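We did not get these values from a lab; they are worked out from the coordinates using the rules stated. Small disclaimer: the values here were computed from a predicted structure and weren't measured. Please note: Cβ atoms are built from the backbone with ideal geometry, for glycine as well, and neighbour counts cover all protein chains shown.
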Amino acid sequence: MSKPKTEQTILIARVRGWMMFDWATQPFYTLGLTFIFGPYFAGVAAQHYLSTGSDLTTANANAQSIWSWGQALAGLIVAVSGILAGAYADSTGRRMPWIWASSLVFVICSWMLWYMVPDGSAMWSSLIFFSVAFIAAELALVFTNAILPSLGDRRDVGNISGSGAALGYTGGIISLFIMLFFFFDEGGKTFWIGLEPGFGWLDAQSREGTRAVGPLIAIWFAIFMLPFFLWVREDKTPNRLGGLQRSLTDLKNTLKNMVKRPSLFAFMVAQMFYRDALNGLYAFGGVYAVLVLGWGQTQIGVFGILGGLSAAIVTQISGKYDQKLGPLPVIYFHIYVLIFVSLCIIAMSRDSFFGLPLQEDSAMPDIIFYICGAAIGGSGGGIYAASRSMMVRHTNPDRPTEAFGLFALAGKATAFLAPLLIGLFTYWLNDARLGFTPVVGLFILGMFLLRWVNPNGDQ
């Protein structure tokens, strides 16, 4: 029996509103974490350490290390707070106030990235603001993901998750085009079309075009979250029986029961490793391009465009295969791709590729890394959407926020691990390229643990 038209219309609006969260937040990850602010921060930090007397290799390694420490700490905070906040939200029946609060913090902290000036004087404060914005975005994601099970049945959820992620990546690449075409300031002119940064209102010498990434992220989020808040509703009557004590009791029971659910437990632990490895690639891809390949913002921009286009296309396709085959085969496929990509990154420098010498000024490293960027974007989007779909198959319908708090925990409980290991390996080996070595091991470990996951979940 089909749903009444009004009910169906409301559901369609909820699905579209829910998808807009991905569209609103993706520029933070595309522009902030990976392609614009992250590389810019690394370049400024490296110059700062050079000015203090460090040699080039050490300065690059130190720049990558402090970026990794910031990501590690932020990930640890998300891991702890996400699951506690999720349990509390389920016990009280309220999620939207958490999304509102996280959104406000996110907008303020993203805007503050404007003050990351080239002389490095705001390096540490900017790292703090970025980390807090990251925490706010991830906490908001916990509560929005908890809405996913209510948007369709098990078969539909995979396609909805993939479509939402694809929409998000499309928003990311459009925001990247806007950033490059109208604010890009390397060489004093914007990317390709050669305009003055900010139509002449911004000073290229003080990198105001690049620094505008913070306000752009904040404004984009504030505008495009409006459909989410207008179309996604919840019961405004709180559960008076809920509260902190009830939420902690429920959380304790959930964690105890999780150990008794082998498929869920294996999936959670597997995610800890393969999603952490993926986050390492996201967080350090642009940094690697600057420190190892010596890329400028133009090349990073092309890299980002390729990655964004690939993510939008591949994630949509992965959603269709998820709907047809289930999420687990999709996850396996993308892990294989990401392992190969990671090996390519580790084995490549300006002088050689897998030990084979390259001619001086060879374009091969650039071409290979462009291909790697497309693969990271596509498989990264696909694996996240499929993992979100697989989580629905393990979710208690009565406690979805807590479940996705666990999902966030799985993604962030070891979120400090990849940045930490990259930082340590970079420090020990004094080489930004070899610092990526632990990523391969994390992917392999995650894939190995998936063998105990039931493809159909355990609900």
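Relative contact order, percent, of the chain when contacts are C-alpha pairs under 8 Å separated by at least 6 residues?
Worked out over the chain, it gives 29 percent.
Would you kindly give the portion of the calculated P(r) for the stretch 252-322 that falls above 15 Å, as a percent of all Cα pairs?
71
When the Karplus curve 6.51 cos²θ - 1.76 cosθ + 1.60 is applied with θ = phi - 60°, which whole-Hz ³J(HN,Hα) does each residue of the stretch 147-152 get, with x for Gly and Pro?
Ordered by residue, 3J(HN,Hα) equals 7, 3, x, 8, 8, x Hz.
Any aspartates and glutamates with Cα under 13 Å of the Lys260 Cα? List them, leaving off those in the same chain fewer than 8 positions away.
Asp458
Given C-alpha coordinates of the stretch 305-373, what is the ratio Rg to Rh with the Kirkwood estimate of Rh?
1.12
Any number yet on Rg/Rh for the stretch 294-443, C-alpha, Kirkwood?
Ratio value, two decimals: 1.03.
Which chymotrypsin sites (Phe, Trp or Tyr not before Pro) does the stretch 310-345 hold that lie in a coil by DSSP with at most 14 other beta carbons within 10 Å?
For chymotrypsin sites (Phe, Trp or Tyr not before Pro) across the stretch 310-345 that sit outside H, G, I, E and B with at most 14 neighbouring Cβ atoms in 10 Å, the list is empty.
Excluding residues on the same chain fewer than 8 positions from Lys256, give the aspartates and glutamates whose Cα lies under 15 Å from its Cα.
Glu402
What do you get for the angle between helix 244-259 and the principal long axis of the chain? Use alpha-carbon atoms, 0 to 90 degrees, nearest ten.
80
Below 15 Å, Cα to Cα, which aspartates and glutamates can Lys324 reach? Residues fewer than 8 away in the same chain don't count.
Reachable aspartates and glutamates: Asp153, Asp156.
222 nm [θ] for the chain, helices only, -39500 (n - 2.57) per DSSP H run of 4+, per residue, to 500? All intermediate terms of the calculation are to be shown ahead of the outcome.
Values: 17 runs with 328 residues, N = 459.
-24500 deg cm²/dmol, from helical runs alone.
Using the Kirkwood radius over C-alpha pairs as Rh, can you work out the diffusion coefficient of the stretch 80-208 via Stokes-Einstein at 20 °C, viscosity 1.002 mPa s, in µm² per second?
Translational D for this selection: 122 µm²/s.
Given just the C-alpha atoms of the chain, how large is their convex hull per residue in cubic angstrom?
144
One-quarter of the Cα convex hull surface for the stretch 157-231, in nm²?
If you wrap the Cα atoms of the stretch 157-231 in a convex hull and average its projections, you get 6.0 nm².
For the stretch 1-130, what D do you get in µm² per second when you plug the Kirkwood radius from alpha-carbon pairs into Stokes-Einstein at 4 °C and 1.567 mPa s? Show your work: numbers first, answer last.
On the way: Rh = 17.7 Å.
Stokes-Einstein gives a translational diffusion coefficient of 73 µm²/s.
Where does the charge balance sit around Trp114 when Lys and Arg score +1, Asp and Glu -1, over other residues with C-beta under 12 Å from its C-beta? Don't jump to the answer; show the numbers that get you there.
Values: positive: Arg207, Arg211; negative: Glu208.
Charge balance near Trp114 sits at +1.
List the residues whose amide H sits under 5 Å from the amide H of Met348, counting only those 5 or more places along or on another chain, with H placed 1.01 Å from N in the peptide plane.
Amide H neighbours of Met348: Phe354.
On a 0 to 90° scale, report how tilted helix 437-449 is relative to the longest principal axis of the chain, with both axes built from alpha carbons and the result rounded to the nearest 10.
20
Taking Cα atoms, how many degrees apart are the long axis of helix 37-51 and the longest axis of the chain, rounded to 10 and kept between 0 and 90?
40
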